[in-house]
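Structure first, then comments.
The values are calculated or read from the model by the stated rules, or taken from the named source; none is laboratory data. Just so we're clear, the structure is a prediction, and the values are computed from it rather than from any experiment. Methodologically, a virtual Cβ is constructed for each residue, glycine included, from the backbone with ideal geometry; neighbour enumeration extends over all protein chains shown.
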């Protein structure tokens with residue numbers, strides 16, 4: 001399933017709702033996607049769409065895929081800027097999102113897209 005999300009803060013909440021609904025429907029067909037995995041995927045989507053809307057300066061695309069073995073989350077934006085993983089200070093109010101994504105995902109990667117922009121992908125094992 002693929003969704004186009006406008007470049008606005010409200011897209012993050014919409015992406016969370018779409019992810020939860022999509023994976024809940026998939027859960028009926030594929031009983032191995034449990035509530036905790038849906039929560040993890042929804043958190044990953046939230047962090048990746050937040051980054052795309054905050055730093056991507058363009059609409060973004062959210063792609064979700066479920067198989068017998070994994071949930072794949074992909075977020076595309078038009079920004080050529082690479083993601084920066086940083087070590088936030090204890091009192092920082094932001095900067096932990098990608099670290100959380102990396103901890104939750106079995107696999108995490110960022111690849112440039114032909115024509116500009118990038119794809120950020122996180123794969124969760126189920």
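A search for C-beta distances below 8 Å between a residue of the stretch 98-126 that is touching a residue at least 12 places away in the same chain (Cβ under 8 Å) and on the phi > 0 side of the Ramachandran plot and any residue that is surrounded by 14 or more Cβ atoms within 10 Å (Cβ to Cβ) and not in a strand (DSSP E or B), counting only pairs 6+ apart in sequence or on different chains, returns 116/78; 117/56; 117/58; 117/78; 117/79. For residue 121, the criteria (1) farther than 19 Å from residue 54 by Cβ; (2) modelled with pLDDT of 90 or more hold in every case but one, which is (1).
Would you mind stating whether residue 41 is loosely packed, with under 13 Cβ neighbours inside 10 Å and either at pLDDT below 95 or within 18 Å of residue 106 (Cβ to Cβ) (or both)? Let's see the steps before the verdict.
Values: loosely packed, with under 13 Cβ neighbours inside 10 Å: no; either at pLDDT below 95 or within 18 Å of residue 106 (Cβ to Cβ) (or both): yes.
Considered against the rule, which asks whether it is loosely packed, with under 13 Cβ neighbours inside 10 Å and either at pLDDT below 95 or within 18 Å of residue 106 (Cβ to Cβ) (or both), residue 41 comes out as no.
Identify all residues within the stretch 1-27 that are assigned to a helix (DSSP H, G or I) and under 13 Å from the mean Cα position of the chain (by Cα); write none if there are none. Result: 11, 12, 13, 14, 15, 16, 17, 18, 19, 20.
Please go through the stretch 77-113 and pick out each residue that is modelled with pLDDT of 90 or more, over 15 Å from the mean Cα position of the chain (by Cα) and not in a strand (DSSP E or B). Result: 78, 113. Scanning the stretch 44-76 for residues that are closer than 19 Å to residue 96 by Cα, outside any strand (DSSP E or B) and at pLDDT 90 or above yields 44, 45, 46, 47, 48, 49, 50, 51, 52, 53. With respect to the conditions (1) without any contact (Cβ under 8 Å) to a residue 40 or more places away in the chain; (2) under 13 Å from residue 126 (Cβ atoms); (3) surrounded by 13 or more Cβ atoms within 10 Å (Cβ to Cβ), residue 20 falls short on a single one, namely (2). Tell me, please, whether a residue that is touching a residue at least 40 places away in the same chain (Cβ under 8 Å), part of a helix (DSSP H, G or I) and touching a strand residue (DSSP E or B) at 6+ places or on another chain (Cβ under 7 Å) can be found in the stretch 33-40. Yes.
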